[in-house]
1. Taking the 0 to 90 degree range and rounding to the nearest ten, how far is the long axis of helix 16-47 tilted relative to the main principal axis of the chain, both from C-alpha atoms?
2. Can you find, among Y44, S129, G110, the residue farthest towards the positive end of the dipole of the range 39-132? Put +1 on the C-beta of Lys and Arg, -1 on that of Asp and Glu.
3. Any idea what the relative contact order of the range 16-119 is, in percent, if you count C-alpha pairs under 8 Å spaced at least 6 apart?
4. Of the cross-linked pairs K9/K117; K58/K119; K58/K88; K88/K115; K24/K64, which ones have a Cα-Cα span greater than 20 Å in the structure shown?
5. Give me the 1.4 Å probe accessible area per residue for the range 1-81, excluding ligands and nucleic acids, in Å².
6. Assuming a ≥ b ≥ c are the square roots of the Cα gyration tensor eigenvalues, decide whether the chain counts as rounded (a/c under 1.5), prolate (otherwise, with a/b larger than b/c) or oblate.
7. For the range 16-119, give the magnitude of the charge dipole about the Cα centre (Cβ charges: +1 Lys/Arg, -1 Asp/Glu; no others), in debye to the nearest 20.
8. In whole angstrom, how far apart do the alpha carbon centroids of the range 61-96 and the range 1-16 sit?
Amino acid sequence: MATRVRGYKTELDLNNEQRTACLKHAGCARFASNWGLARSQEAYRATGKRPTAIDLHKELNALKKTDYPWMYEVSKCAMQEALRDLEKAYKNFFRRVELKKQGKWKGKLGFPTFKKKSKGIGSFRLTGSIKV
């Protein structure tokens, strides 16, 4: 018998303090995603290889202490998941490129793009147990 993974969407009624915390998490996730995309492009130009999400996370953790101390105000999961999403976006892009070469994909390929603050509130994912 196959296991079934379930996800739940819940609307939260947040007070101002909680809303600020969520916006900080979304902002850090957006920053990590944009930083990871820029770093990936830079590394690819220099070496011809893209760093993995784990490599990017280790590099970001090293920079956090000196350059980005404000990241300690939020959960590390928000940045980790953003970098994992970026890696998945790259994999999807290259998969579509291959399908396009074979004539099995019609439409845009969707190279990963930078996230904008002006496009909505933003989003983030947390892993593990969360107490509300």
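The values are calculated or read from the model by the stated rules, or taken from the named source; none is laboratory data. Note that the coordinates shown come from a computational prediction; the quantities given were computed from them, not determined experimentally. Positions of Cβ are backbone-derived with ideal geometry, glycine not excepted, and every protein chain shown enters the neighbour counts. For the accessible areas, the whole protein counts, side chains as well, though only heavy atoms, and no ligand, DNA or RNA atoms are used. Shrake-Rupley method; radii C 1.70, N 1.55, O 1.52, S 1.80 Å.
1. 30 degrees
2. G110
3. Reported as a whole number, the value is 38 percent.
4. Table pairs above 20 Å Cα-Cα are K9/K117; K58/K119.
5. On a per-residue basis, 73 Å².
6. Judged from the Cα gyration tensor, the chain comes out oblate (a/c at least 1.5, b/c at or above a/b).
7. Here the size comes out at about 680 debye.
8. Comparing the Cα centres of the range 61-96 and the range 1-16, I get a distance of 22 Å.
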